[in-house]
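This report concerns only the one structure given below.
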Amino acid sequence: MKIYTYHVKQNLPITIDEAWEFLSNPKNLKVITPDYMGFITLSGDDRPMFAGQIIQYIVTPVLGIPTKWVTEITHVIDKKYFVDEQRFGPYSLWHHKHFIKEIPGGVEMEDIIDYKIPMGILGQMVHPIIVKPKLNEIFEYRRKKLIKIFGEFKTVK
């Protein structure tokens, strides 16, 4: 059983309060997801994030095939981190940790995703061809979209 880890960081020129307000609002996931993925929230985005929250989506990540995705918010520490775990969807395992912390001039966002592809060795074979490039593409879109919304981070000396 191969478990992969995807790790990305991004700095934004905003306060911890602004970052938390945006990132912990389930409705904003659509904002930072590429349009071609056909992201639609079915339920669960009507309240601020809380541990135990179930959110249901439809996404179209590959070949135009709509896929139902159900996640549970399992951990929330206000203005520090939250964790979402897939309960039903395209992965055999999806455990996504979202961290934010104050840094000089803004905040650092950090995502750590541990995931497993279904279909055994076949899944492992398609990982470098389809899955990993798709994750890179999605998170690069998110990076650019957050810069468009909040501005470019400037290093404080």
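The values are calculated or read from the model by the stated rules, or taken from the named source; none is laboratory data. This one's a predicted model, so the numbers in the text were calculated from it and none came from an experiment. Cβ coordinates were reconstructed from backbone atoms using ideal geometry, including for glycine residues, and neighbour counts include every protein chain displayed. The accessibility values were calculated without ligands, DNA or RNA, using every heavy atom of the protein model including side chains. Shrake-Rupley method; radii C 1.70, N 1.55, O 1.52, S 1.80 Å.
Odds and ends about this structure:
- First in segment 1-26 and farther than 19 Å from residue 140 by Cα and small (Gly, Ala, Ser), second anywhere and open to solvent by less than 60 Å² (accessible area, probe 1.4 Å) and in a strand (DSSP E or B), Cβ under 8 Å, 6 or more apart: 24/76; 24/82
- When residue 102 is tested against (1) open to solvent by 40 Å² or more (accessible area, probe 1.4 Å); (2) within 21 Å of residue 71 (Cα to Cα); (3) of a type in the set (Asp, Glu), exactly one condition is not met: (2).
- Yes/no for residue 107 being crowded, with 17+ Cβ neighbours inside 10 Å, touching a helix residue (DSSP H, G or I) at 6+ places or on another chain (Cβ under 6 Å) and aliphatic (A, V, I, L, M): yes
- Across segment 38-57, the number of residues qualifying as farther than 19 Å from residue 135 by Cβ, open to solvent by less than 70 Å² (accessible area, probe 1.4 Å) and either free of Cβ contacts under 8 Å to residues at least 24 places away in the same chain or out of contact with any strand residue (DSSP E or B) (no Cβ under 9 Å at 6 or more places or on another chain) (or both) comes to 6.
- For segment 119-129, the criterion of a residue being within 18 Å of the chain's Cα centre (by Cα) and either within 20 Å of residue 30 (Cβ to Cβ) or open to solvent by 70 Å² or more (accessible area, probe 1.4 Å) (or both) is satisfied by no position.
Okay, residues lined up against (1) among the basic types (Lys, Arg); (2) under 30 Å from residue 16 (Cα atoms):
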residue: 56; (1), (2): no, yes
residue: 61; (1), (2): no, no
residue: 74; (1), (2): no, yes
residue: 97; (1), (2): yes, yes
residue: 106; (1), (2): no, yes
residue: 117; (1), (2): no, no
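- Scanning segment 1-24 for residues that are exposed (fewer than 14 other Cβ atoms within 10 Å of the Cβ) and either closer than 19 Å to residue 95 by Cα or modelled with pLDDT under 95 (or both) yields a count of 6.
- Each residue in segment 1-54 was checked for being part of a helix (DSSP H, G or I) and of a type in the set (Asp, Glu), and 4 pass.
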